[in-house]
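Enquirer: Below are the structure tokens for one structure; questions will follow.
The values are calculated or read from the model by the stated rules, or taken from the named source; none is laboratory data. All values reported here derive from a predicted model rather than from experimental measurement. Because the Cβ atoms are built from the backbone with ideal geometry, glycine has one as well, and the counts that use them run over all protein chains shown.
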Amino acid sequence: MAENGAGRVAGPRAIALVGPYLSGKTTLLEALLARFGVVSRQGRVSEGNTVGDSSPEARGHGMSTEVNVASLEFLGDRYTFVDCPGSIEFLHELDAVVPAVDAAVVVCEPDPKKVPALQLVLKKLEDMGVPRFVFFNKIDSVDGQIRDILSALQPASGAPLVLRQIPIWENGIATGFVDLALERAFIYREHAESEVVEMPAGMVDSKGEARFQMLEQLADYDDKLLEQLLEDMEPPRDVVFDDLVKDVREGLICPVFLGAAENGNGLLRLMKALRHETASSAETARRLGLAETGDTTAQVMKTFHTSHGGKLSLARVLSGTIKDGTVLYGAGGEDERVAGVFQLLGQEPTKTGDAPAGSCVALGRMESVRTGETISTAKGETAQLVDVTPPPPVYGLAIAAAEKKDDVKLTAALAKIIEEDPSISLEHSQDTHEMVLWGQGEMHLRVALERLMRKYGVTASTEPRRIPYKETIRKSITQRGRHKKQSGGHGQFGDVVLDIKPLPRGSGIEFHDTISGGVVPKQYIPSVEAGVRDFLTTGPLGFTVVDVSVTLTDGSYHTVDSSDMAFRTAGRIGMSEGMPQCQPVLLEPIVEVEIAVPSEATPRVNAIVSSRRGQILGFDARPCWPGWDVVKANMPESELQDLIIELRSATAGVGTFSYRFDHLAELTGRLAETVLEVVRAA
């Protein structure tokens, strides 16, 4: 892959479009496709006619709900743009996409209120070492000085935000910009290339000040440039551009460009920066740790299940060439033969030819390959370049097929939904005997259910998941259990005496016997235990019993009529008659929660936790997240049901949490009565 000009790389490039919810990523993609001739007319998100957000779910909700892909040609090179959702409920889509791209364009409104949402995105990019550019969208409606806004947004970025342009204002509206590297002025033309104009007389000083500030930031990584600035020498323009290329590729700075995607403004300067300053796919492969073996290697960024073409795996080719029929091996060493190589426009596939290194293509029928997997032509288990771990779920719904005949169909369809979106999971709860669909929020699961109906024709019913309450006892008792039944032939006889006692919390179920003299023959004792445990699966309150000790102390038998089944029944009878007298009490699961929120929202979050019967254990600064806190608390699991909805509302959509089971606690009074009423009604 050759380099031309000031570090420019020839060959296919892949660029991720990322950024906060409603920042205009899909509009930017549409504007680029229209400007460079891929589509004849720029669509609008509000009109539902864009290449991105092409699914009915995305258009119905007016937001990106999955990755969309489109490519364009610019000055002889091919660029594939991967438009990623911005809502925190779909932000996990970035995890498999971003590592394999050459750079990311972070689309953001120039609004200080966006710091937390911007930080969510920039932190991912920084942790993955991905070069990044910021595109301040909607510059035509900005309110305030751009450098003041930049300073307010700087805490969101670990690297310096370096302003590459300053706006030209006319009657309070940005009508153009000054390029600080080129030292030229441009006036915006709607849906057309900006026009070069004379530097406005009133901007000479502000241009000089802004350019010097940009050079100072570059000089932090270039001693020679620093010397030139200290000596009031004007650095050569090619040195400035070389520094920009080097610093961007190494992730030392984050350049900031201006524009208004809706009007097609600022596109050409952005594309030229991507052309000159973005690394090659070979450099991206080295960043991922790919060894130069001569094998063909690709990284899978997304899985799609199409209605007619079957499964498609969107992949970035990091080395070699992929053709129709190429055999590739995945993480487990399974071999898959590529059944078609496709270009995507949105999510519409078009068959194409060979895919050389740098290409971003969809591969047909790679049945065993998963999102985030590294695949290679080298036989055997392919070393994985990226670890894509789904975020922990925060919202769950009990799910069942609306019609019994669709039970099997529902499970198969959900498996495909989960393969497309690994942050969704399905749990078969042994405690509550229900299927629980887990995800990243209410909208996340709503979209999944809509997709389930549209793509697979399965209607599912959902309801709040049941909480795995348990029960135990407070009082000890000795109880006889006797089973005697006489019918024609052999009868049934079993007689046991049980000591039933409470145990300390967390002890589980214990069964012992102190039988002597053979009053209960040894071979029947396991049957008594089985009968005891049968009953304890559903105690007198209707829940699984825990922390109880049962000891078989006495009994009697009949030489003819006694049997395993008779003693099992006697054990169950003794428990059913004795347990209600032991003061049964309801236990609710308590979980330890860690809630991550912007610091200014911490008091509101503390109030939310307290209102949900939570006990705050403390809070501290979130490690490596300036301006964020982590609140730790113990809370009843029942209070987590819709916690994420209230939490996101209190944090402008950016708060999240994780939890783990901590202990069981007694639940009494009106709350316990409410739980028991529901059980009795069921």
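Enquirer: Inspect the stretch 115-132 for any residue being assigned to a loop (DSSP other than H, G, I, E, B), in contact with an Asp or Glu (Cβ under 8 Å, 6 or more places away or on another chain) and among the basic types (Lys, Arg) and give the result as yes or no.
Expert: Checked against the condition, which is being assigned to a loop (DSSP other than H, G, I, E, B), in contact with an Asp or Glu (Cβ under 8 Å, 6 or more places away or on another chain) and among the basic types (Lys, Arg), the stretch 115-132 yields no hits at all.
Enquirer: May I pose another question? The conditions are (1) small (Gly, Ala, Ser); (2) out of contact with any helix residue (DSSP H, G or I) (no Cβ under 7 Å at 6 or more places or on another chain); (3) crowded, with 24+ Cβ neighbours inside 10 Å, and residue 54 fails exactly one of them. Which is it?
Expert: (3)
Enquirer: A further question on this structure: Taking the criterion of being over 24 Å from the mean Cα position of the chain (by Cα), surrounded by fewer than 21 Cβ atoms within 10 Å (Cβ to Cβ), part of a strand (DSSP E or B) and hydrophobic (A, V, I, L, M, F, W, C), would at least one residue in the stretch 172-181 satisfy it?
Expert: Yes, because at least one residue in the stretch 172-181 is over 24 Å from the mean Cα position of the chain (by Cα), surrounded by fewer than 21 Cβ atoms within 10 Å (Cβ to Cβ), part of a strand (DSSP E or B) and hydrophobic (A, V, I, L, M, F, W, C).
Enquirer: Please go through the stretch 611-649 and give me each residue that is closer than 30 Å to residue 154 by Cβ and either hydroxyl-bearing (Ser, Thr, Tyr) or in contact with a His (Cβ under 7 Å, 6 or more places away or on another chain) (or both), ordered by number.
Expert: Within the stretch 611-649, just 649 meets the criteria.
Enquirer: Just to verify a result, which residue in the stretch 625-682, among those that are at pLDDT 95 or above and aromatic (Phe, Trp, Tyr), is surrounded by the fewest Cβ atoms within 10 Å (Cβ to Cβ)?
Expert: 661
Enquirer: Return the residues of the stretch 72-92 that are part of a strand (DSSP E or B) and surrounded by fewer than 21 Cβ atoms within 10 Å (Cβ to Cβ); say none if nothing qualifies.
Expert: 72, 73, 74, 77, 78
Enquirer: Residue 489 - would you say it is on the phi > 0 side of the Ramachandran plot and either part of a loop (DSSP other than H, G, I, E, B) or at pLDDT 95 or above (or both)?
Expert: yes
Enquirer: Just to be sure I understand, how many residues within the stretch 108-166 are of a type in the set (Ser, Thr, Tyr), without any contact (Cβ under 8 Å) to a residue 60 or more places away in the chain and touching a strand residue (DSSP E or B) at 6+ places or on another chain (Cβ under 7 Å)?
Expert: Residues meeting the conditions: 0.
Enquirer: Do you know which residues across the stretch 108-123 are buried (at least 19 other Cβ atoms within 10 Å of the Cβ) and either aliphatic (A, V, I, L, M) or modelled with pLDDT of 90 or more (or both)?
Expert: Selection gives 108, 109, 115, 116, 117, 118, 119, 120, 121, 122.
Enquirer: For residue 596, are the conditions met, namely being surrounded by fewer than 21 Cβ atoms within 10 Å (Cβ to Cβ), without any contact (Cβ under 8 Å) to a residue 24 or more places away in the chain and farther than 30 Å from residue 520 by Cα?
Expert: It is false that residue 596 is surrounded by fewer than 21 Cβ atoms within 10 Å (Cβ to Cβ), without any contact (Cβ under 8 Å) to a residue 24 or more places away in the chain and farther than 30 Å from residue 520 by Cα.
Enquirer: Take the residues in the stretch 300-336 that are surrounded by 15 or more Cβ atoms within 10 Å (Cβ to Cβ) and among the acidic types (Asp, Glu), then tell me which one is farthest from residue 384 (Cα to Cα).
Expert: It comes out as 324.
Enquirer: Name the single residue, out of those in the stretch 525-581 being among the aliphatic types (A, V, I, L, M) and without any contact (Cβ under 8 Å) to a residue 60 or more places away in the chain, that is nearest to residue 678 (Cα to Cα).
Expert: Of everything passing the filter in the stretch 525-581, 536 is nearest to residue 678 (Cα to Cα).
Enquirer: For residue 199, all conditions in the list (1) free of Cβ contacts under 8 Å to residues at least 40 places away in the same chain; (2) part of a loop (DSSP other than H, G, I, E, B); (3) crowded, with 16+ Cβ neighbours inside 10 Å hold save one; what is the number of the exception?
Expert: (3)
Enquirer: Shifting gears a bit: For the stretch 13-49, how many residues are hydroxyl-bearing (Ser, Thr, Tyr) and closer than 23 Å to residue 316 by Cβ?
Expert: 1
Enquirer: Can you pull out every residue in the stretch 386-406 that is farther than 21 Å from residue 130 by Cβ, of a type outside the set (A, V, I, L, M) and either within 20 Å of the chain's Cα centre (by Cα) or assigned to a loop (DSSP other than H, G, I, E, B) (or both)?
Expert: 392, 393, 395, 396, 403
Enquirer: May I ask you to list the residues in the stretch 182-194 that are outside any loop (DSSP other than H, G, I, E, B) and either of a type in the set (D, E, K, R) or not assigned by TED's automatic domain parsing to the domain that holds residue 142 (or both)?
Expert: Once the filter is applied, which keeps residues that are outside any loop (DSSP other than H, G, I, E, B) and either of a type in the set (D, E, K, R) or not assigned by TED's automatic domain parsing to the domain that holds residue 142 (or both), the stretch 182-194 yields 184, 189, 193.
Enquirer: Looking at the stretch 414-446, which of its residues are touching an Asp or Glu at 6+ places or on another chain (Cβ under 7 Å) and modelled with pLDDT under 95?
Expert: none
Enquirer: Quick check on this structure: which one of 298, 261 is of a type outside the set (Val, Ile, Thr), farther than 30 Å from residue 363 by Cβ and touching a residue at least 60 places away in the same chain (Cβ under 8 Å)?
Expert: Answer to the check: 261.
Enquirer: Could you check the stretch 226-281 and list, in sequence order, the residues that are part of a loop (DSSP other than H, G, I, E, B), over 29 Å from the mean Cα position of the chain (by Cα) and surrounded by fewer than 17 Cβ atoms within 10 Å (Cβ to Cβ)?
Expert: Correct list: 231, 232, 233, 234, 236.
Enquirer: Hey, among 244, 218, which residue is under 30 Å from residue 33 (Cα atoms) and at pLDDT 95 or above?
Expert: After ruling out the rest, the residue left standing is 244.
Enquirer: Condition first: over 15 Å from residue 590 (Cβ atoms) and surrounded by 15 or more Cβ atoms within 10 Å (Cβ to Cβ). Now tell me which residues in the stretch 607-624 satisfy that.
Expert: Those that are over 15 Å from residue 590 (Cβ atoms) and surrounded by 15 or more Cβ atoms within 10 Å (Cβ to Cβ): 608, 619, 622.
Enquirer: Scan the stretch 542-577 for residues that are at pLDDT 95 or above, over 18 Å from residue 501 (Cα atoms) and among the β-branched types (Val, Ile, Thr) and report the count.
Expert: 1
Enquirer: Does the stretch 131-140 contain any residue that is more than 29 Å from the chain's Cα centre (by Cα) and surrounded by fewer than 22 Cβ atoms within 10 Å (Cβ to Cβ)?
Expert: Within the stretch 131-140, one or more residues are more than 29 Å from the chain's Cα centre (by Cα) and surrounded by fewer than 22 Cβ atoms within 10 Å (Cβ to Cβ).
Enquirer: Any residue at all in the stretch 376-385 that's more than 21 Å from the chain's Cα centre (by Cα), of a type in the set (Lys, Arg), assigned to a loop (DSSP other than H, G, I, E, B) and surrounded by fewer than 18 Cβ atoms within 10 Å (Cβ to Cβ)?
Expert: Within the stretch 376-385, one or more residues are more than 21 Å from the chain's Cα centre (by Cα), of a type in the set (Lys, Arg), assigned to a loop (DSSP other than H, G, I, E, B) and surrounded by fewer than 18 Cβ atoms within 10 Å (Cβ to Cβ).
Enquirer: Report yes if residue 251 is in the same structural domain as residue 356 (by TED's automatic domain parsing), at positive phi and not β-branched (Val, Ile, Thr), otherwise no.
Expert: Here the answer is no, as residue 251 does not meet what is asked.
Enquirer: Which condition number does residue 411 fail, the rest of (1) part of a loop (DSSP other than H, G, I, E, B); (2) at pLDDT 95 or above; (3) loosely packed, with under 15 Cβ neighbours inside 10 Å being met?
Expert: Among (1) part of a loop (DSSP other than H, G, I, E, B); (2) at pLDDT 95 or above; (3) loosely packed, with under 15 Cβ neighbours inside 10 Å, the lone unmet condition for residue 411 is (1).
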